[in-house]
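Just below is one structure, and these are the notes that go with it.
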Amino acid sequence: MFSKRLLRLVMPAAMIAGGVVVVTGSSGSAAPPRPYRPPFAAGKHQAEYDAHSVMVKFKPKATAANRRAAVSRYGATAEDPVASTVVKLTSDEPAPDLLKKVKADPTVELASLNYKRYISAVPNDEYYASDQKAYLSTVRVPQAWDLSKSTGSQIVAVLDTGVDAGHPDLAGHLVPGYNAVSSTRPNPVDDHGHGTMTLGIIAAAANNGLGVAGVGWNVKAMPVKVLASDGTGYDADIAEGIDWAVAHKAKVINMSLGGPDDNPILHDAVKRAYASGVVVVVAAGNDGNESLQYPASYPEAIAVAATDAAGALTDFSSYGDWVDVAAPGVDILSTGSRALTPPGYEPYWYCTGTSCSAPIVAGIAALVKNKWPTFTPAQVAQRVESLARDAGPRGIDPYYGHGIVDAYAALGGKWAPDFPVAAPDGNDQPARATAISLGSVSGTINTEGETDWYKVTSDAVRNLTFSVTGPEFNDDKYTANFGPRLLVVDSNLRAVAGDVKAYPDFSPTTHQPIWGPLTVSVGAAVQAGDTYIAVRNDNGSRDTRPYTLTVSEATGRSSGVQYAYPVRDVTPADLGVGAPLTSTPAVTFASDMDPARITSDTVFLQNGKTGAVVPGAVAYDAATRKATITPNAPLSEATPYRVTVTLGAFAPNTRDDGWSSVFSTVDLTPQKLTVFSGSGAYLAANLAWTIPPTPDLDQVIVRRNVGSKVPTPTTGTLVYAGTGTAVKNTGLAQNATYTYGAWVLDRTGHYSPIAVKQLLGMKSGIATTSTSISYGGAITIKGSTLRIDNKAYAGLPVNVYVRPKTSSKFTLLAALKTTSTGNLAVVTKPAVSSVYMLTFPGNADLMGTRTADITVQVAPTVSAALSPAAIKLGKTTVLSGYVAPAHAGKPVYLQQYGNKVWKSIASVKLSTSGKYAFGIKPALRGKIAYRVWFPADTDHTTAYSANKVVTVG
């Protein structure tokens, strides 16, 4: 079959070139850089390997003697101890011949050629006046720093060309490293510059007033040199570097390197790191096509593609189903090797390439790992990937993977809108081809992976020439460029010309592309009827600048292409948006299909975000060649879906084994909250709700007004904004009505219909029949609870509370119900001076209330008896009695009245039963008045006995 992805062109290899931009120290911003390029040119790589070495992993049961004997049999030399996990063997014979011998040995578990890998950066010598904030804001790193400014103990190992360890912006941020390239030079000195750049993106000191801020803000980085001074390295050193980093407690590994061809031993090293809990982040590569890159395409790795500062995929970024996320990779300012920085410039370089994207993700992964230290690599990857912001075709796609990484969301911050996608052109399949005639027409490839179809109708056989000319390019001014690619098929969608593409020219000295305009042309002898022309980009990027398709009559003939495009139409349209939830996706094939092969295993629908297959049935109509998928349930709104066909070869003369098309469903106005309930309380309200199914939920918004006016999304007071299902609204006023409005807000800014809850204001009062009584006396506590407009409710629960005047803790005195007039009453006999209040707790319709406190003073009873009441001068009488309640040990005072005042003349302490007695021996004849005084204490107010008169004769 002919995969849709094969209609996305490959980026020319020589477009990617080497160079760095350095910043001068003459001003606060970067000055125009001097030309400076390292001694390499990164670009599309062919598989290369060490001509005389192989990598071997022996079986665990193989003894040291067995291993040495095997090495001897090969006629090879082991450069590593035979007990090592991976052993590099060298020999004078060619590596492929040595590999055949090694693989046949029974002691060997895995063996591979020792492939060469390349750095993935594309340093650029042209300076663009932009600072870090521009691209770091794209992935919301500044906001993430508000949540976390430390990676804690999460050491990030950077496997690269080493590091300039003395760089002032890396001081205090390095841990001991390792040189896997040279056993005689143990320190990982950077003799290329690439390693210092990639490490600085992660670990440059932040907030120190120097240079740049690393994504990890306060991170420890471990430099591991696995690449030589020319920016290349072999898998044996890379695998050794991985094992060393794992053994020395690295928690994240960044590898801004890669190349074609799988190496099972390198993969095994990545798997060991993964099994040890290490997150592995790898640059996707700069080949600009979908060729598999290693180690990026290993499932254990997080493969990172490159975008510009605005979030658009670059034309050099490799792509494919193995890409996991994307991050900025153009003009990323970082630390540069001081030794390699030209005189007159400060050691800060601009870096361009997926090499520069991967460290951004590695720094974010370290922040995530620090916040959740128990996370496995799979959990870290899941958080980084699932919370990425969708970009390009909706859902998981080969260009951005899950999307552009979002540091803030990954660390627990609020979701941000997805990156916008262009509206479809409407000519995505042959059935919707744009009809054209001789002459020229313009079009754009404004979405990654898009194909534009055109149709020319001929009355008879004729010779036509088809040409596509790309936009006018200006050196390397743009990081997303259109590389024309052209395919011509007949009415049966069988190719008659193509598949051809344009290549730019390249500078022989700088290896930089020299852009066109680029033109591709094919001639074809077309039959009577319809001829279809497919135009697409030769790399993964989009380009809003128009191209020109020209059709003219000329001498030509078929190029002899023997394959066909397999699909005539698909609904909903590829890259379409707003599909109904009742959609039944359908694929119309270009040729007859065997109905027995059209099953739910070969033609199916997937959730574009999760990859999960949508349950449903598939039916095939042979007459129309249409396969229709009927989902078991309506599709979810605002959700991307992918129609996938995996039939092997569709028909004779087709190629590839898969085809797919993506669309997204309509973004409906969110449904109203299923439930929005509330209950009033004193100075608070408890609100709860049920959120209806909302796949693109942003948050629930709750606002309030004082009074009965219903709030709007922009008026009233914000009470809550989040994804929870309840809130307690505190700090409210008493005697007030509150009206709440709640909405579901989706990610595109749509508000649901309002849900309203009103809680009516209530007022309560309290009174007592007396505020001062004697011990043993009774009072009546009276109260009322009414709506603020004086409406009464019978049967409302009202609680009367009491506390001793000396305590702050209330206890329940009585639980009452209001009468039809809203009143209530309770009789009580306080033993001590007490404070009373009453509350109405509120209910589903009414706010709660609480009265002010009311105090009742309790005075003790002081009895008094005088015997005898009449005495002779010089004789004694006794005034005695008790205090209730008893206050054992407390003094009471005998007072005598004279000169119009009472004067204390004696005191005694009360007995354990509260009794007292005074002996009175007056010195004068006549009538003398006495009383006993009880001074106030913490529980009771002051009290006096009745006056007693002694007659002295």
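Need one word for the range 225-274: rounded, prolate or oblate. Basis is the Cα gyration tensor (sqrt eigenvalues a ≥ b ≥ c); a/c below 1.5 gives rounded, then a/b vs b/c decides. The shape class here is oblate. For the chain, the longest principal axis of the C-alpha atoms and the axis of helix 377-386 are separated by about 90°.
P(r) for the range 423-553, please, calculated from all Cα pair distances in 5 Å bins and given in %. Calculated over all Cα pairs of the range 423-553, the distribution is 2, 11, 21, 24, 18, 12, 7, 4, 2, 0, 0 percent. In this Cβ point-charge picture (+1 for Lys and Arg, -1 for Asp and Glu), the range 861-952 has a dipole of about 520 debye about its Cα centre. Calculated FRET efficiency, Asp92 and Lys271, Cβ-Cβ r, R0 41 Å, to nearest 0.05? The pair Asp92/Lys271 has a calculated efficiency of 0.80.
Within the range 844-861, which residues have the backbone N less than 19 Å from the label spot 7 Å out from Ser774 along Cα→beta-carbon, could you tell me? Label zone hits: 856-861. Distance between Cα centroids, the range 837-904 to the range 202-280: provide it in whole Å. Rounded to whole Å, the Cα centres lie 86 Å apart.
Cα gyration tensor of the range 119-410, axes a ≥ b ≥ c as square roots of the eigenvalues: rounded (a/c below 1.5), prolate (a/b > b/c) or oblate? Write out the running numbers ahead of the final one.
Values: a/c = 1.22, a/b = 1.07, b/c = 1.13.
Because its axes are fairly even, with a/c under 1.5, the range 119-410 counts as rounded.
With contributions of -39500 (n - 2.57) from each DSSP H run of at least four residues, the per-residue ellipticity at 222 nm computed over the chain stands at -3000 deg cm²/dmol. The stretch between Ala633 and Thr465, if pulled fully straight at 0.36 nm per residue, gains 55.6 nm over its current Cα-Cα span.
For Val461, Val587, Val282, Val522, the sequence from fewest to most other C-beta atoms within 10 Å is Val461, Val522, Val587, Val282. What does DSSP give for the chain in terms of the percent of beta bridges that are antiparallel, rounded to the nearest 5? Roughly 85 percent of the beta bridges in the chain run antiparallel, per DSSP.
Over 18 Å between Cα atoms: which of Lys763/Lys809; Lys61/Lys116; Lys890/Lys915; Lys59/Lys88 fall into that group?
Details: Lys763/Lys809 23 Å; Lys61/Lys116 30 Å; Lys890/Lys915 11 Å; Lys59/Lys88 15 Å.
Where the Cα-Cα span goes over 18 Å, the pairs concerned are Lys763/Lys809; Lys61/Lys116.
How would His267, His167 line up from fewest to most surrounding beta-carbon atoms within 10 angstrom? Don't skip to the answer; put the middle values down first.
Values: His267 21, His167 24.
Ordered from fewest to most neighbouring Cβ atoms within 10 Å, His267, His167 come out as His267, His167.
The range 138-164 and the range 668-693 have Cα centres lying 40 Å from one another.
When DSSP beta bridges are limited to those with both residues in the range 423-553, what percentage is antiparallel, rounded to the nearest 5? Walk me through the numbers on the way to the answer.
Working: 41 of 44 bridges.
Here the antiparallel bridges make up roughly 95 percent for the range 423-553.
If you place +1 on the Cβ of every Lys and Arg and -1 on the Cβ of every Asp and Glu, how big does the dipole about the Cα centre of the range 265-328 come out, in debye to the nearest 20?
Details: 2 positive and 8 negative charges, 61 e Å.
Rounded to the nearest 20 debye, it is 300 debye.
Remark: Leu718, Leu292, Leu98 ranked as Leu718, Leu292, Leu98, counting other beta-carbon atoms within 10 Å and listing the fewest first. Comparing Ala726, Gly848, Val456 along the charge dipole axis of the chain, the residue lying farthest to the positive side is Gly848, per the Cβ-charge model.
Spin-label model, Asn66/Val710: points 7 Å from Cα along the beta carbon direction are separated by 7.9 nm. If the cut-off is 19 Å between C-alpha atoms, which lysines fall inside it for Lys369, apart from same-chain ones fewer than 8 positions away? Once the sequence-local lysines are set aside, what remains near Lys369 is Lys149, Lys220, Lys249, Lys251, Lys271, Lys414. Using a simple spin-label model with pseudo-atoms 7 Å out from Cα toward Cβ, Thr610 and Ala906 lie 9.4 nm apart.
Does the range 677-719 classify as rounded, prolate or oblate by the C-alpha gyration tensor (a ≥ b ≥ c root eigenvalues; a/c under 1.5 gives rounded; else a/b over b/c gives prolate, otherwise oblate)? Because a/c hits 1.5 or more and a/b fails to exceed b/c, the range 677-719 counts as oblate.
What length, rounded to one decimal in nm, is gained on full extension from Ala684 through to Ala622, with 0.36 nm per residue of separation minus their alpha-carbon distance? Write out the running numbers ahead of the final one.
Values: separation 62, 0.36 × 62 = 22.32 nm, distance 6.71 nm.
Value of the extension gain: 15.6 nm.
Rounded to the nearest 10 degrees, the angle from helix 64-74 to the longest Cα principal axis of the chain is 20 degrees.
Counted by Cβ distance under 10 Å from Asp746, the other residues give a net charge of -3, where Lys and Arg count +1 and Asp and Glu count -1. For the pair Thr821 and Asp789 in one chain, pulling the backbone fully straight at 0.36 nm per residue adds 10.2 nm over the alpha carbon distance.
Which FRET efficiency value, to the nearest 0.05, do you get for Lys149 and Trp372 by plugging their Cβ-Cβ distance into 1/(1 + (r/R0)^6) with R0 = 22 Å? Intermediate values should be presented prior to the final figure.
Values: r = 16 Å, r/R0 = 0.74.
Here the calculated transfer efficiency is 0.85.
Compute the helix-to-body angle for 264-275: its Cα long axis versus the longest principal axis of the chain, expressed 0 to 90° and rounded to tens. With rounding to tens, the tilt is 0 degrees.
With +1 on the Cβ of every Lys and Arg and -1 on the Cβ of every Asp and Glu, and nothing else charged, how large is the dipole of the chain about its Cα centre, in debye rounded to the nearest 20? Working shown, then result.
Numbers: 82 positive and 74 negative charges, 1835 e Å.
In debye, rounded to 20, the chain gives about 8820.
Ellipsoid semi-axes for the range 675-759, based on the Cα gyration tensor and the rule √(5λ), read 23, 13, 10 Å when sorted largest first. By the rule of a C-alpha distance below 30 Å, with chain neighbours fewer than 8 residues away ignored, the lysines paired with Lys626 are Lys4, Lys455, Lys609. Placing a label point 7 Å from the Cα of His248 along the Cα-to-Cβ direction, the residues of the range 67-89 whose backbone N falls under 18 Å from that point are 81, 85-86.
Simple rule: put +1 on each Lys or Arg Cβ and -1 on each Asp or Glu Cβ in the chain, find the dipole, and look at Thr584, Thr828, Phe934; the Cα lying farthest toward the positive end is Phe934.
Evaluate E = 1/(1 + (r/R0)^6) for Arg925 and Ser863, where r is the Cβ-Cβ distance and R0 equals 41 Å; express this FRET efficiency to the nearest 0.05. Could you put the intermediate results ahead of the total?
Numbers: r = 28 Å, r/R0 = 0.68.
That pair, Arg925 with Ser863, gives E of 0.90.
Every read-out reported here was derived from the displayed coordinates using simple, explicitly stated rules and does not represent laboratory data. Predicted model, so just to flag it, every value in this text is computed and none were measured. Reconstructed Cβ throughout: ideal geometry from the backbone, glycine too, with neighbour counts over all protein chains shown.
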